[in-house]
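Everything on this sheet refers to the single structure shown next.
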Amino acid sequence: MTLSLMCLPYAGGGAGVFRPWQNQPELPFRVVPVQLPGRDEWFVQDPCTTMADAARVCADQIREAAGTGPFAVFGHSFGALLAYETVRLLAAEGAPPEHLVVSGAAAPDVDRPRMDGAALDDDAFVARLRGLVGYDHEAWHEPELRELLLPALRADLAVQDAYVPSPGPPLPMPLTVLRGTGDDLVRHEDAARWAEYASSGARVVDMPGGHMYFTEDWPLLWKTLGTLLADHG
């Protein structure tokens, strides 16, 4: 049975980020984009205000999409923390994934830079975000697009600022950490601390590029994921 890869969005992103993956016939897994309120077709819904609420939304979608088949979970940056909390829920409910792949994120207990975006106007918010992640998006410079995108982005980063990891035993499935070698936001040693969150430890895989490394080479990310998940297909 083909493995399903449940893909959780990064801050401000939605399921639409991953839908182009579904058009890649060479991928050895089935791509299942997972949605959050406040974006794409769920745009009219209010964004989640806690990581626990967001994880519940994701866990429910994943269980429905997976059915009785095998699946893995992938998330980048904010999405990595969300993936961790979602997998904790799934494991507690007797439906753990075969593999958790987190990307562009320090371990949950590591202090991370805060956005503190509530006091910032849009220009200052975008400038601070660019400075933190070392990445720019053309939509951030278009007033109409920015008006659509920033509410979800602000909400997600406020959730991340307030995030406290859920207590519990180490996760029972393999855990892999992807990190851009030029990521100034996530140090290698902080990515390696994910090993404390899985009973079998964690493997760190270096990827060329910065915090948003995959935007420079999507095929390399797909190939890496395919290799990681090959044993679970």
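Each reported figure results from applying straightforward, stated rules to the coordinates on display, with no laboratory input. In this text, all values refer to a predicted model and were calculated from it rather than measured experimentally. Cβ placement follows ideal geometry from the backbone for every residue including glycine, while neighbour counts extend to all protein chains displayed.
Considering (1) of a type outside the set (A, V, I, L, M); (2) surrounded by 14 or more Cβ atoms within 10 Å (Cβ to Cβ); (3) without any contact (Cβ under 8 Å) to a residue 60 or more places away in the chain; (4) part of a helix (DSSP H, G or I), the lone condition that Gly209 does not fulfil carries the number (4). The residues of the stretch 74-88 that are aliphatic (A, V, I, L, M) and touching an Asp or Glu at 6+ places or on another chain (Cβ under 9 Å) amount to a single one, Leu82. Taken together, the residues in the stretch 9-29 that are assigned to a loop (DSSP other than H, G, I, E, B) and either of a type in the set (D, E, K, R) or closer than 19 Å to Ala80 by Cβ (or both) amount to 9.
Considering only residues in the stretch 104-159 that are in contact with an Asp or Glu (Cβ under 7 Å, 6 or more places away or on another chain) and of a type in the set (A, V, I, L, M), the one that is surrounded by the fewest Cβ atoms within 10 Å (Cβ to Cβ) turns out to be Val110. Checking the stretch 47-65 against the condition returns no match, with no residue being in contact (Cβ under 8 Å) with a residue 60 or more places away in the chain, part of a strand (DSSP E or B) and not aliphatic (A, V, I, L, M).
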